[in-house]
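Asker: Can you keep this structure in mind? I'll have questions shortly.
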Amino acid sequence: MKKRFISIALFLMLLLSSVSCGGETTPTDGTSGETETSAPEDTAPKYADDLPSDLRFDGKTVTFLYREEVSNEFFADQADGDVVNDAIYDSFRSVEERLGVDINVVKRPGHYTDVRQEYMNHITNTIIAGDNEYDFVDLMIGNSPVLMQEGIFLDLAQNKYIDLDKPYYLGGLMEQGAIDGKLFSVSGDASLGYMKCAFAMYFNQRLVEDFNIENPYDIVDAGKWTLDKVAEIAAVTSQDIDGNGKYDLEDKLGFVVHDWNHPKGFWASTESVMYSKDSSGEWKFTYGSEHDIDVVNKLYNLMYANEGSWFPGITNAIPENQELYNNISAKFASGDIFIMTAEIDDSVSQLRDMKDAYGILPYPKADENQKEYVSSARNTHNAFSMPITCEDPDMAGAVLEALSSSNHDTVLPAYFETALKKKYARDDDSSRMYDIIRDSMKLDFGYIFGNAIGGPEGVFVDSYKKENSLASNVAKNQKRLDQALTKYLENLRSTFIE
C-alpha cells in the first residue's frame, strides 16, 4: 500500500500551481510564483496511466450512478472556488476532453440506512431488466459483495484498460477482494470516499499542556501508541463534573468513541484477522486467537470500564442520532473531550471552526511488540462495479482508469495536501500523522465481505462489550459463519461465466 502514496509527493510542486486558481487568494508560500515559472513542463508524465495516447470515443456517454448524499466526494457540477471541488470538476473535464467522452453522473439517495436497500434494489432491478442506463454503479464497499452474488457485474480484473497494479487503486484488491481471480468491484482515487472514511483520532493540543502529559506525537513516533496508552491518557485528562461516578456528555471526557462504526478501526489497527486462506487457497473463519482475546478485552476496558471514556453507541448514518452526534462534535470543539475517534473528513465537515489547536493520530497498536501502525476505512466508502448491461466495457474501463489517474495527480493531493494539511491540520506534526494513516491503509476480506457472509463483525462487537467472552462467542458462531461463507461462495461461483 505504501507505494500508492509515494508518487503523490512527486506531484505536490505541480499541485501548488494547479490549485491556486481554485479560489485561494493567499499564496502557499513566498516562492510559489517562481516555482511555477521555473519548473520544466516535461519533468513528470502528464498521466500516470498507460492508456493509448490516441484513444478516443467520438463523443459517447459514460454514465455513473452515485449515492446522492455523498456525491461531492466524486462529482462537482461546477467550479465554485473551493480547492477540492474545483480539482474534481477540472479532473472530469480533462478526462472528457482527453478521451472524447461525456461523463454523466446520476445521483440517487442511497447512503443513509433508511434508503440503502431501495438503492441496492434499484441497481439489481435495472440490470436484470436489461437496462443499459449505467456503465458503473457506486456501492458501499461493504454492500458490493451482497449484489455480486446476483451475477449482475462484470469481472473488472479482465477489463482491457483497468490496470489494478497502478497506485491509484487501493492495494490488496485482488488479494482481499477477488474470488477465484475474479474481481467485481474496485476502489481507489476515482472517488475521495475511501480517504474521507479513513479511521483516525483527533486530540485537543491545548489540553496536552493543561494536563502536562506527554505529547501524543512523540508517543506515536516512539512506537508506543497502544490501546493501553489511550486508556492511560483518557483517565488523566477527564473529570466527573456531575459526580455521579459515570462518564457521559455532562463531564469532561478523556476518550470518546464517536460512532458505533469506529471500533471496527481497532480490528485492523491491532492486526486482528478474522479470515485466512487455507492450504488450498480457500477462505476460512479463523478468528479467536490469544492475540484476539487480548485485544477485545483491552477494548472492553477502554470503552466501558476505563475512567474518562465514553461510548454512546450512535452513528451519523441514522438521522435520529444526528443531534447527539453533532453535540459530541461540538463538545470536542469546545475543549471538553481530549481524544475522539473520527474519520479523516471530520476535520473538514465538523472541526474547521474549532478555536483550539487539534491534532490527528492513527489508531493505536495492540501493544508495543506490534511492528507497524495499520489503518483502515469505514466500509461505507465507495466501490465501483460495472453492470453486465454495460454496452462498451472497454470504453467504461478507460474512463475509470483515466479518471483514477487524473484524480491521483490532482484531486487527492488537493484534498490531502491543501484542504486537510494546510487549511485544517493546523501543524506540521498533524500533517505527518496523516502520512502515517494513508501509508498504512489495509483492506481485509472479512471487512469487505462481512455483510454478505453472516456478519462476522458481530463476534468482534459482542466480545468487546463483555470481558472474556470471545472464546464463547466464536464457539457459538463458528458453524453459522462457516455455513454462511460456504453458501455465499457457492452462490457467487454459480454465476461465473467461464
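The values are calculated or read from the model by the stated rules, or taken from the named source; none is laboratory data. Predicted, not measured: the structure shown is a model, and the values here were computed from it. Note: ideal-geometry Cβ built from the backbone for every residue, glycine included; neighbour counts use all protein chains shown. Accessible surface is based on the protein model in full, side chains and every heavy atom, while ligands, DNA and RNA are left aside. Shrake-Rupley method; radii C 1.70, N 1.55, O 1.52, S 1.80 Å.
Asker: Please list, by residue number, every one of the trypsin sites (Lys or Arg not before Pro) in region 194-262 that is coil in DSSP and has at most 15 other beta-carbon atoms within 10 Å.
Answerer: In loop regions of region 194-262 (DSSP not H, G, I, E or B), the sparsely surrounded trypsin sites (Lys or Arg not before Pro) are Lys224, Lys246.
Asker: Quick one: plug the Kirkwood hydrodynamic radius of region 294-338 (C-alpha pairs) into Stokes-Einstein at 25 °C, 0.890 mPa s, and report D in µm²/s.
Answerer: Working: Rh = 12.0 Å.
The Stokes-Einstein estimate is 205 µm²/s.
Asker: Moving on to the next point. Excluding Tyr300 itself, what net charge comes from residues whose Cβ is under 12 Å from its Cβ, given Lys and Arg +1 and Asp and Glu -1? Don't skip to the end; give the middle numbers.
Answerer: On the way: positive: Lys298, Lys465, Lys466; negative: Asp294, Asp462, Glu467.
It works out to a net charge of 0.
Asker: Could you size up the charge dipole of the chain around its Cα centre, putting +1 on the beta carbon of Lys and Arg and -1 on that of Asp and Glu, and report it in debye to the nearest 20? Write down the numbers at each step before the final one.
Answerer: Numbers: 45 positive and 83 negative charges, 238 e Å.
Around 1140 debye, computed over the chain.
Asker: Using 0.36 nm per residue, how much length does the chain from Arg56 to Lys355 gain when fully extended, once their Cα-Cα distance is taken away?
Answerer: Details: separation 299, 0.36 × 299 = 107.64 nm, distance 5.04 nm.
Result for the pair: 102.6 nm of gain on full extension.
Asker: Something else: In terms of the ratio Rg/(2.2 N^0.38 Å) built on C-alpha atoms, what value belongs to region 209-337? List each step's numbers first, then the result.
Answerer: Numbers: Rg = 17.3 Å, N = 129, 2.2 N^0.38 = 13.9 Å.
Computed over Cα atoms of region 209-337, the ratio equals 1.24.
Asker: While we're here: Say R0 is 30 Å: what FRET efficiency, to the nearest 0.05, do Gln478 and Ile318 get from their beta-carbon distance?
Answerer: Working: r = 30 Å, r/R0 = 1.02.
Given R0 = 30 Å and the Cβ-Cβ separation, E is 0.50.
Asker: Please compute the Cα-Cα pair-distance distribution of region 328-480 with 10 Å bins starting at 0, giving whole percents from short to long.
Answerer: Whole-percent P(r) values from 0 Å outward: 8, 25, 31, 24, 12, 1.
Asker: So if the hydrodynamic radius of region 60-148 is defined as the Kirkwood radius over C-alpha pairs, what does Stokes-Einstein give as its diffusion coefficient at 10 °C and 1.306 mPa s, in µm² per second?
Answerer: On the way: Rh = 14.2 Å.
Once the numbers are plugged in, D ends up at 112 µm²/s.
Asker: Still on this structure, I have one more. Enter the Cα centre distance for the pair region 220-291 and region 454-498, rounded to the nearest angstrom.
Answerer: Between the Cα centres of region 220-291 and region 454-498 lies a distance of 21 Å.
Asker: Nearest 5 percent is fine: what portion of the DSSP beta bridges confined to the chain is antiparallel?
Answerer: On the way: 22 of 39 bridges.
Within the chain, antiparallel bridges account for around 55 percent of the total.
Asker: I'd like to know which of His262, Ser309, Thr286 lies farthest towards the positive end of the charge dipole of region 228-341, counting +1 on Cβ of Lys and Arg and -1 on Cβ of Asp and Glu.
Answerer: Thr286
Asker: Here is a follow-up. Under 1.5 on a/c is rounded, so check that first for region 382-447, then, if it is not, pick prolate when a/b is larger than b/c and oblate when it is not; a ≥ b ≥ c are the square roots of the alpha carbon gyration tensor eigenvalues.
Answerer: Oblate is the answer for region 382-447, as a/c is 1.5 or above yet b/c matches or exceeds a/b.
Asker: Return a whole-number percent for the relative contact order of the chain, with Cα pairs under 8 Å and 6 or more residues apart as the contact set. If you can, show how the numbers build up before the last one.
Answerer: Details: 886 pairs, mean separation 125.0, N = 498.
Relative contact order of the chain: 25 percent.
Asker: For Asp228 and Ser279 in one chain, what is 0.36 nm times their gap in residues minus the Cα-Cα distance, to one decimal in nm? Walk me through the numbers before you get to the answer.
Answerer: On the way: separation 51, 0.36 × 51 = 18.36 nm, distance 3.55 nm.
That pair, Asp228 and Ser279, stretches by 14.8 nm at full extension.
Asker: Residue farthest toward the positive end of the dipole of region 404-498, with Cβ of Lys/Arg at +1 and Asp/Glu at -1: which of Leu492, Ala475, Tyr415?
Answerer: Positive-most Cα among the choices belongs to Ala475.
Asker: Now a separate question. Which value in deg cm²/dmol, rounded to the nearest 500, describes the helix-derived mean residue ellipticity at 222 nm for the chain, given -39,500 (n - 2.57) per DSSP H run of n ≥ 4 and division by the residue count? Can you show the working numbers first?
Answerer: Numbers: 20 runs with 188 residues, N = 498.
The helix contribution divided over the chain gives -11000 deg cm²/dmol.
Asker: For the pairs Lys331/Lys476; Lys264/Lys423; Lys60/Lys442; Lys224/Lys487; Lys60/Lys182; Lys107/Lys284, note any where the Cα-Cα span goes beyond 31 Å. Walk me through the numbers before you get to the answer.
Answerer: Numbers: Lys331/Lys476 40 Å; Lys264/Lys423 28 Å; Lys60/Lys442 36 Å; Lys224/Lys487 42 Å; Lys60/Lys182 28 Å; Lys107/Lys284 37 Å.
From Lys331/Lys476; Lys264/Lys423; Lys60/Lys442; Lys224/Lys487; Lys60/Lys182; Lys107/Lys284, over 31 Å: Lys331/Lys476; Lys60/Lys442; Lys224/Lys487; Lys107/Lys284.
Asker: So how far, in whole Å, is the C-alpha centre of region 354-426 from the one of region 121-200?
Answerer: 15
Asker: Could you name the aspartates and glutamates in cross-link range of Lys371, using Cα to Cα under 19 Å and dropping any fewer than eight places away on the same chain?
Answerer: Asp218, Asp221, Asp228, Glu271, Glu290, Asp292, Asp294, Asp435, Asp439, Asp444
Asker: Tell me, what ³J(HN,Hα) does each residue in region 308-314 have, in order and in whole Hz, if you take phi through Karplus 6.51 cos²θ - 1.76 cosθ + 1.60 with θ = phi - 60° and put x for Gly and Pro?
Answerer: Each residue's phi maps through the Karplus curve to give x, 9, 8, 10, x, x, 10 Hz.
Asker: Follow-up. What's the local net charge at Met395, with K and R +1, D and E -1, over the other residues with C-beta under 11 Å away? List each step's numbers first, then the result.
Answerer: Numbers: positive: Arg56, Lys60, Lys160; negative: Asp58, Asp135, Glu391, Asp392, Asp394, Glu401.
After counting each charged neighbour, the total is -3.
Asker: Follow-up. Where Lys and Arg each count +1 and Asp and Glu each count -1, what net charge lies around Gln78 among other residues with Cβ under 13 Å from its Cβ?
Answerer: Numbers: positive: Arg93; negative: Asp77, Asp80, Asp82, Asp86, Asp90.
Residues close to Gln78 contribute a combined charge of -4.
Asker: Percent of Cα-Cα pairs more than 17 Å apart in region 93-203, please.
Answerer: In whole percent, the long-distance tail amounts to 64.
Asker: Additional query: How many Å² of accessible area per residue for the chain, probe 1.4 Å? Each step should come with its number before you reach the end.
Answerer: Details: 20640 Å² over 498 residues.
Normalised by residue count, the accessible surface of the chain is 41 Å².
Asker: May I pose another question? Applying 1/(1 + (r/R0)^6) with R0 = 22 Å to the Cβ-Cβ distance of Asp392 and Gln117, what FRET efficiency is obtained, to the nearest 0.05?
Answerer: Values: r = 30 Å, r/R0 = 1.36.
Working from the Cβ atoms, E equals 0.15.
Asker: Turning to a different aspect of this structure: Tell me the carbon and sulfur percent of the accessible area for the chain, rounded to whole percent, probe radius 1.4 Å. Intermediate values should be presented prior to the final figure.
Answerer: Numbers: 9540 of 20640 Å².
Roughly 46 percent of what the probe reaches on the chain is carbon or sulfur.
Asker: While we're here: What are the extents of the Cα atoms of region 332-404 along their three principal axes, in Å, largest first?
Answerer: Result for region 332-404: principal-axis Cα extents of 55, 38, 19 Å.
Asker: Then there is this: Hey, with R₀ at 30 Å, roughly what FRET efficiency would Arg432 and Asn369 work out to, going by the Cβ-Cβ distance, to 0.05?
Answerer: Values: r = 23 Å, r/R0 = 0.78.
E between Arg432 and Asn369, to the nearest 0.05, is 0.80.
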